[in-house]
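**Q** Provided herewith is a single structure, encoded as structure tokens, for subsequent inquiry.
The values are calculated or read from the model by the stated rules, or taken from the named source; none is laboratory data. All values derive from a computational prediction rather than experimental measurement. Here the Cβ is made from the backbone with ideal geometry for all residues, glycine too, and neighbour counts use every protein chain on show. Ligands, DNA and RNA are stripped out before the accessible areas are found, and what is left, the full protein with its side chains, is counted by its heavy atoms. Shrake-Rupley method; radii C 1.70, N 1.55, O 1.52, S 1.80 Å.
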Amino acid sequence: MAKNRLFGFGEPLTAREAAEGVAAEKLLELADAVGFGAWRAWMHIPDLLENPTTPKHSQIERYTKLLEKASQLDIEVMGMSHDWFLPEGCKQSQGCAVPTRDLTPGSLYMQMLHMLEESWLTLVTCFPQVTMWQVGNEWNSHTFLHPDGFLQSDMKDPFTIDEKMDIAVDMMYFSAKGIRRANPQAKVVSFSPCPLFPTMGGDLPYYMPMQYAIAQSLDRVYSRIVSGKFWSEKTDDYFDMLSWHPYMFCMELDKIQSYDEVSYKFDEPGDLWKDYSDAAYRVMRKYGDGHKKVLLTEFGFTDCGKPEVEARQAEYYRKVFELCKKMPYIHTVHVFRLLEDTAMLDRGGDHQIGGLSEVYFGMFKESKHEFAPRKKAIVLQELAGGTEDLFSVGRRIIG
């Protein structure tokens, strides 16, 4: 009997393999024990390719073995890349950056788009067993789509939200072309809009929850596609499935001065949380895409290392998946993420994307703690239907 694809997780397993000293296949066993039926796999173009037309053969072989393990465990894989190559003449050679939008033939921008198409063609050709590909991550934010040479440290001169959505439509079209050339049967998943603080590019009125930036971004995407001013007026030429990240954050999270405050900055999920996604789905229906499925490719709770907060948040997952029963358009919720990343603290966790909160999304502790399940893992196992003792699985993997 196939697993329930509603229950998924996201984790860069090959990166964690190197950090934890434990084979990524073993980490998949940890996910399997919970009952997860889907995995959002970090498969970045520059990590797996030398250039747009040349695979890194050792990396391809490594990932092929990992994908075979996922298949054996009946875990559906969606590959995702949020990095790409840039042409000579740019300040960068790869990353989440693009040169100035210029549709003139031969421009740096058009070279980048053609390199993107070729990169996806090469990558997807290497992995015919992957049936879904997500072409980008949170392109409505400054972090994951910015000008060539943009510095995260000062955030000066980012793209406007309209500039980002122009570029996002271009990139989805050329990415989809490459994917379809390689595997016409594969599903193309849109980039994943996220909630936006004003400091990350949001322009919602101050009195609206920033999660509605998801629907707003999608409406900007669709309006461009149907305008006749882009590459095609057919949404199918850009994506087959939609995705977004309906995280729950307090409107003032970016102003928190101390993480002692985090215990009361997260609200319990309810009808408002459901409406963040329903609003995005209403946009899909407005433009005739109500039949397409949606993946929530990142969603989860972080406790910033506070046990009492984690205990409460673990119970929130029951409410989330109960609400999902009323959202039949959702195919998978990819819980972010499988493991804690306390090593990030040694790398300067307060300066990472998301700060200290990024460290404590994990459902399991790391190898030094024998992959002990946190409370959220235990609750998710109850929901997903896993039956193994998670403490025993963690010890077995270490042993």
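**Q** Only one of the listed values, (1) 24.3; (2) 21.5; (3) 22.2, was derived from the coordinates as Kirkwood radius over Cα pairs in Å; which label is it?
**A** (2)
**Q** Rounded, prolate or oblate: which one fits the range 37-150, using the alpha carbon gyration tensor with axes a ≥ b ≥ c (rounded when a/c is under 1.5, else prolate when a/b beats b/c, else oblate)? Mind dumping the intermediate values first?
**A** On the way: a/c = 2.53, a/b = 1.84, b/c = 1.38.
The shape class here is prolate.
**Q** Considering only protein heavy atoms, what per residue accessible area in square angstrom results for the range 7-398 with a 1.4 angstrom probe? All intermediate terms of the calculation are to be shown ahead of the outcome.
**A** Numbers: 15640 Å² over 392 residues.
Ligands and nucleic acids excluded, the figure is 40 Å² per residue.
**Q** Same structure, new question: If we count every other residue with Cβ under 9 angstrom of GLU11's Cβ, Lys/Arg +1 and Asp/Glu -1, where does the sum land?
**A** +3
**Q** Another question about this same structure. Quick one: of LYS164/LYS306; LYS69/LYS234; LYS177/LYS292; LYS326/LYS376; LYS274/LYS376; LYS69/LYS326, which pairs are farther than 25 Å apart, Cα to Cα?
**A** LYS164/LYS306; LYS69/LYS234; LYS69/LYS326
**Q** What value, in deg cm²/dmol to 500, does the helix sum -39500 (n - 2.57) over DSSP H runs of n ≥ 4 give at 222 nm once divided by the residues of the chain? Write out the running numbers ahead of the final one.
**A** Numbers: 12 runs with 151 residues, N = 399.
For the chain, the value works out to -12000 deg cm²/dmol.
**Q** Then there's this: Taking 4 °C and 1.567 mPa s as the conditions, I'd like the Stokes-Einstein D for the range 107-222 in µm²/s, using the Kirkwood hydrodynamic radius from alpha carbon pairs. Mind showing how you got there, number by number?
**A** Working: Rh = 15.1 Å.
Rounded, D is 86 µm²/s.
**Q** Using alpha-carbon positions, what is the distance between the centroids of the range 154-192 and the range 1-43, in Å?
**A** Using only Cα atoms to place each centre, the spacing works out to 26 Å.
**Q** What order do you get for 17-26, 97-106 when each peptide is scored by the mean count of other beta carbon atoms within 10 Å, highest first?
**A** Details: 17-26: 16.4, 97-106: 14.0.
Taking the mean over residues of other Cβ atoms within 10 Å, the ranking is 17-26, 97-106.
**Q** Here is a further query. For the chain, modelled as a Gaussian network with Cα springs under 10 Å, which listed residue fluctuates most, GLY385, GLY37, GLY202?
**A** Greatest mean-square fluctuation among the candidates belongs to GLY385.
**Q** Can you give me the % of accessible surface on the chain that is carbon or sulfur? Probe 1.4 Å, all protein chains present, nothing else counted.
**A** With neighbouring chains kept in place, the figure for the chain is 51 percent.
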